[in-house]
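The values are calculated or read from the model by the stated rules, or taken from the named source; none is laboratory data. Predicted model only: the values in this text are computed from it and were never measured. Don't worry about glycine lacking a Cβ; one is built from the backbone with ideal geometry, like all the others, and counts go over all protein chains shown. Side chains included, ligands, DNA and RNA excluded: accessible areas come from the protein's heavy atoms. Shrake-Rupley method; radii C 1.70, N 1.55, O 1.52, S 1.80 Å.
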Amino acid sequence: MSESSENGYVTRNSEMPTIGHLVIYSVTGGRVTYSSFAGQARALGLPQSFVPPLRKLFYAFANAKNNLNEMSLPSLEVSDEWDGVVERKVKVLSLERNREYVVQIESRGRARGKKHVSSQNMFRLEFTPPEGFDVHQWSQDYMNHIWEGNEEAAEETTAQIRECISVTPYWDDSEIDANLFARITSTLMTEFVTVATSIDGKMLRDRVVKVLKDELGGLSYKSGQGAWFIPKYNDDDSYLETLRSYSQLLETFGNVNSLTRPTGEANWFGDDGKPQEWHRPQTNLRILGYIDDEEAIDYIRKDIETNLGREIGEYQQKLMEVANNFNEEKIEQFEKRLDAISGMREGLMNRLSNLTSVVKTVNLDTKLYDDVASGLRRSTGRIRSIRSSVADRLAALSRLD
């Protein structure tokens, strides 16, 4: 059974002779633990690069605090300052992004015969790792434990990160509600550890793009969201097995976070009175063969020209920006930036070579754009008067032939 597209054809039979495979992916919301997802990847024979790395701990803290926002609190039935019942909830506002937040109680009701809202600062939430604690190394160690199959050791390290965050009264002399303080602290700590050791939909979505492009040499298909062409660079079909394993890995994320109507009695509306998303699409990656005919090849050729043409322009822009920021007092740092640019160039040249081999010929202009060439000439001339070898290297990096 086949499905026609505007140009060329795809087929659900991934075993047919092809020039590559079209994959269509969709990542919906939710999250899974890093340990379970990495464990599944290991079982499927996939490397660590196919799994999103853990987020930085201060980002995990900033994300976890959202679990407090809009938390409902018991209403006040009687108050000297209000006319009638007062509805209360928790609000969290930023004092320093990713580092410090204030927890407020927002009260709404009527006062002096009019609608009224007020806020009271209650607690400070702070990300303050203990002295000598390396937050970046912790994440790497945790992931290493998981990939070494030592989940117990990984779990033991979570006690360390609990010391990275604190909940304190907003002012030192503030009176506190002990029950609310305990609730806020417990909720934040639990969510922080969960977020710090989990993978969510955004993290997975970003990693899928990186895997399809960098690990499998693919390109965005017809500039379509979620559709990629993975070329068959030689007669080795091992990439197809990798794709199938990756598809199974994404399916596990979808299964954990699926929203499907349960068997038996079920309500359409949730507790908030809104319809529930019982039939939300699950995270998946579907593999379709791409038939090897001239029409299909021409279709792929156009996409290669579009995508690589953009990548060439972005590379030239980056090179020009680095050249423009040359500082004669920091030549060693500049050389390191050129090392990074050299890596970018090598990756781009490999993609040019590999993708061109699939369709034989492409119409790509690798010459510098006029304004970029002009900017580079000015920068290179200035650099040459200071360090000619650096200028020569810059000139070499500007050529993509």
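What FRET efficiency do you get for Glu152 and Gln317 if R0 is 56 Å and r is their Cβ-Cβ distance, rounded to the nearest 0.05? Could you put the intermediate results ahead of the total?
On the way: r = 48 Å, r/R0 = 0.86.
It comes to 0.70.
Between Ser94, Ser118, Ser107, the residue with the greatest mean-square fluctuation in the GNM of the chain (Cα pairs under 10 Å linked by springs) is Ser118. Residue ranking by accessible heavy-atom surface, 1.4 Å probe, largest first, among Glu314, Glu106 comes out as Glu314, Glu106.
Connecting C-alpha atoms closer than 10 Å in a GNM of the chain, tell me which of Ser374, Ser385, Ser220 has the biggest fluctuation. Looking only at Ser374, Ser385, Ser220, the biggest GNM fluctuation is shown by Ser385.
Candidates Ile297, Asn255, Val211 compared by Cα position along the dipole of the chain: farthest toward the positive end lies Ile297, with charges placed on Cβ.
Put a dot 7 Å past the Cα of Val362, heading toward its Cβ, do the same for Ile24, and the two dots end up 2.4 nm apart.
Highest mobility in the GNM of the chain, judged by mean-square fluctuation with C-alpha springs under 10 Å and restricted to Thr28, Thr366, Thr356, is found for Thr366. Within segment 81-118, whose backbone N sits under 16 Å from a point 7 Å along Cα→Cβ of Ser166? Answer for segment 81-118: 96, 99-103.
Treat every Asp and Glu Cβ in the chain as -1 and every Lys and Arg Cβ as +1, leave all other atoms uncharged, and give the resulting dipole magnitude about the Cα centre to the nearest 20 debye.
Working: 49 positive and 61 negative charges, 234 e Å.
Value, rounded to 20: 1120 debye.
For the chain, take the longest principal axis of its alpha carbons; what is the angle in degrees between that and the long axis of helix 294-324, to the nearest 10 within 0 to 90? Helix 294-324 and the main axis of the chain meet at about 70 degrees. When the trypsin sites (Lys or Arg not before Pro) in segment 321-352 are filtered for DSSP coil states and for at most 15 other beta-carbon atoms within 10 Å of their beta-carbon, the remaining sites are Lys330. Any chance you could give the angle, 0 to 90 degrees and rounded to 10, that helix 201-210 forms with the longest Cα principal axis of the chain? The helix 201-210 is inclined about 10 degrees to the chain.
Based on Cα contacts under 8 Å between residues 6+ apart, the chain shows a relative contact order of 23 percent. Ligands, DNA and RNA are left out, and with a 1.4 angstrom probe the accessible area of segment 29-103 is 50 Å² per residue. Straightening the chain between Ala111 and Val85 buys 8.3 nm, computed as 0.36 nm per residue apart minus the Cα-Cα spacing. Would you be so kind as to identify which of Thr197, Tyr34, Gln276 lies farthest towards the positive end of the dipole of the chain, taking Lys and Arg as +1 and Asp and Glu as -1 on Cβ and the Cα centre as origin? Checking the options against the dipole of the chain, the answer is Gln276. Applying 0.36 nm per residue to the separation of Ala373 and Asn234 and subtracting their alpha-carbon distance, the gain on full extension is 46.4 nm. Gain on full extension, evaluated as 0.36 nm per residue between Ala159 and Ala178 minus their Cα-Cα distance, stands at 4.5 nm.
Of the labelled figures (1) 153; (2) 180; (3) 253, only one reflects volume of the Cα convex hull per residue in Å³ as derived from the coordinates, namely (3).
By definition, a body whose alpha carbon gyration tensor gives a ≥ b ≥ c is oblate when a/c is 1.5 or more and a/b is not larger than b/c, and segment 338-391 fits this oblate description. Counting only protein heavy atoms and using a 1.4 Å probe, the accessible area of Leu44 comes to about 40 Å².
Taking all protein chains in place and a 1.4 Å probe, what share, in percent, of the accessible surface of the chain do carbon and sulfur account for? Numbers along the way, then the final one.
Values: 10040 of 22260 Å².
About 45 percent, which is the carbon plus sulfur part of the accessible surface.
For segment 25-39, backbone phi angles converted through the Karplus equation (6.51, -1.76, 1.60; θ = phi - 60°) give residue-by-residue couplings of 10, 9, 10, 9, x, x, 7, 9, 5, 4, 5, 5, 5, 5, x Hz, Gly and Pro being listed as x.
When the charge dipole of segment 43-115 is built from unit charges on Cβ atoms (+1 for Lys and Arg, -1 for Asp and Glu) and taken about the Cα centre, the candidate among Leu76, Pro53, Asn66 whose Cα reaches farthest toward its positive end is Pro53.
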